[in-house]
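K.L.:
Mind having a look at this structure? Questions to follow.
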Amino acid sequence: MSTYLLPDQNYCHHGASINAQNDTQTDEQHMINNLLATLPKAKAWRSEHVFLYKGFWLSSEVIKGLLLIHKHFTPQPTDIFLAAFMKCGTTWLKALMFATANRHRYKFSDHPLLRTGPQSAFPFIDTHIFLDYPATNFDNLPVPRLFATHFAHGLLPTSITSTCKFVYVCRDPKDALVSKWHFLSKLRSKELPPLPFDDAYELFCNGVSEYGPFWDHVLGYWKASEVHICK
C-alpha cells in the first residue's frame, strides 16, 4: 500500500486500492492487455517478463501506470519530481527535499520525519497511480507538490517535462546493478527460479532490466538539463 505525508494535516495519507472496476477501468485494462501482446518481451528480474515500450524495458504494471499518468495526471508548474534509475540512492535526498520544501511548517520537535521514513515523504507516482483511481487525488498536497519517479524523461508526458522542475540522481552503474539485484531478488516471485547474478549482469549490460537501459535513462535527463537549464 502506498502512503505519503500530508504536511498541513501532519499525518500520512493511505491510498486504498480499488477492487471493483468500472467500465472505464475495464476498457483501459483491455487496451493495456492488447498493447502488451504487441510488445517485445524479455526475462525480468522481479517478475517473469519485462516489455520493451518506447525504448525502455518496463513491467506490465509500470506500463499501466505510465498510461494512466498520460491520461489522468494534471501537473502544476510548481511540481517537483525526484527522478532516478532504480536503486540509485534517493532516500536521503527525499528527506532533504521534504524538509526544505516544508521548513516553515514544522519545528524540529514535531517534524513528521521523526515518525515516518523518507520513503513516505512524497508519492512514488509510478505505483501510486493505481490508488485512488483515477489518480487525480493529489489536491491535498501543499505547494510545491513533491513526486518521485523511475520513469525515463522521454516516457513522461510533455505536460510534465516542459513545466515541472526535476531533480535527477545518478549512481555508479556497478553499484546500481548490485543494489538492484539484491533488492529485486527479495521481491522476485517464489514461483520463479532465482535470477543468478551472472544472468543479471548480462541482462544489465544489454540494457534489459526494469526501467533500463541504464545509460539511456541517464542521458535522457542529461540532455533535457542542457535544454532547460533553469529546471
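The values are calculated or read from the model by the stated rules, or taken from the named source; none is laboratory data. Quantities reported herein were computed from a predicted structural model and do not represent experimental measurements. Neighbour counts run over all protein chains shown; Cβ positions are idealised from the backbone, glycine included. These area figures cover heavy atoms from the full protein model, side chains too; ligands, DNA and RNA do not enter into them. Shrake-Rupley method; radii C 1.70, N 1.55, O 1.52, S 1.80 Å.
K.L.:
Hey, Glu226 hits all of (1) assigned to a helix (DSSP H, G or I); (2) touching a helix residue (DSSP H, G or I) at 6+ places or on another chain (Cβ under 7 Å) but one; which does it fall short on?
P.N.:
(2)
Residues checked against (1) under 24 Å from Glu28 (Cβ atoms); (2) out of contact with any Phe, Trp or Tyr (no Cβ under 7 Å at 6 or more places or on another chain):
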site: Ala148; (1), (2): yes, no
site: Thr158; (1), (2): yes, yes
site: Phe166; (1), (2): no, no
site: Cys170; (1), (2): no, yes
site: Leu195; (1), (2): no, no
site: Tyr211; (1), (2): yes, no
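K.L.:
When you check Cys164 against the structure, is it open to solvent by 60 Å² or more (accessible area, probe 1.4 Å) and either over 18 Å from Val50 (Cβ atoms) or free of Cβ contacts under 8 Å to residues at least 24 places away in the same chain (or both), yes or no?
P.N.:
Taking the combined requirement at face value, the residue does not satisfy it.
K.L.:
Something else about it: If I filter region 179-191 down to residues being among the basic types (Lys, Arg) and in contact (Cβ under 8 Å) with a residue 24 or more places away in the chain, which single residue comes out as surrounded by the fewest Cβ atoms within 10 Å (Cβ to Cβ)? Reasoning before the result, please.
P.N.:
Residues of region 179-191 among the basic types (Lys, Arg): 180, 186, 188, 190.
Within this subset, residues satisfying the condition of being in contact (Cβ under 8 Å) with a residue 24 or more places away in the chain are 180, 188.
Details: Lys180: 25, Arg188: 17.
Among them, the one singled out is Arg188.
K.L.:
Among the numbered criteria (1) of a type outside the set (Val, Ile, Thr); (2) in contact (Cβ under 8 Å) with a residue 24 or more places away in the chain; (3) open to solvent by 60 Å² or more (accessible area, probe 1.4 Å), which single criterion is violated by Ala176?
P.N.:
(3)
K.L.:
Sticking with this structure for a sec: Take the residues in region 118-133 that are open to solvent by 30 Å² or more (accessible area, probe 1.4 Å) and at pLDDT 80 or above, then tell me which one is farthest from the chain's Cα centre (by Cα).
P.N.:
Looking at the filtered set, the residue picked out is Pro118.
K.L.:
Does Val218 qualify as being touching a Cys at 6+ places or on another chain (Cβ under 8 Å), farther than 20 Å from Phe51 by Cβ and either open to solvent by 80 Å² or more (accessible area, probe 1.4 Å) or not polar (S, T, N, Q) (or both)?
P.N.:
Yes.
K.L.:
Pick out the one residue from Thr136, Thr91 that is open to solvent by 10 Å² or more (accessible area, probe 1.4 Å), among the hydroxyl-bearing types (Ser, Thr, Tyr) and modelled with pLDDT of 90 or more. Break it down stepwise before answering.
P.N.:
On the way: Thr136 fails: modelled with pLDDT of 90 or more.
Within the list Thr136, Thr91, the selection yields Thr91.
K.L.:
So is Phe108 free of Cβ contacts under 8 Å to residues at least 24 places away in the same chain, open to solvent by 60 Å² or more (accessible area, probe 1.4 Å) and of a type in the set (Phe, Trp, Tyr) or not?
P.N.:
yes
K.L.:
Residues that are under 27 Å from Ser162 (Cβ atoms) and among the acidic types (Asp, Glu): list the strands (runs of 3 or more DSSP E) wholly contained in region 20-113 that include at least 1 such residues.
P.N.:
none
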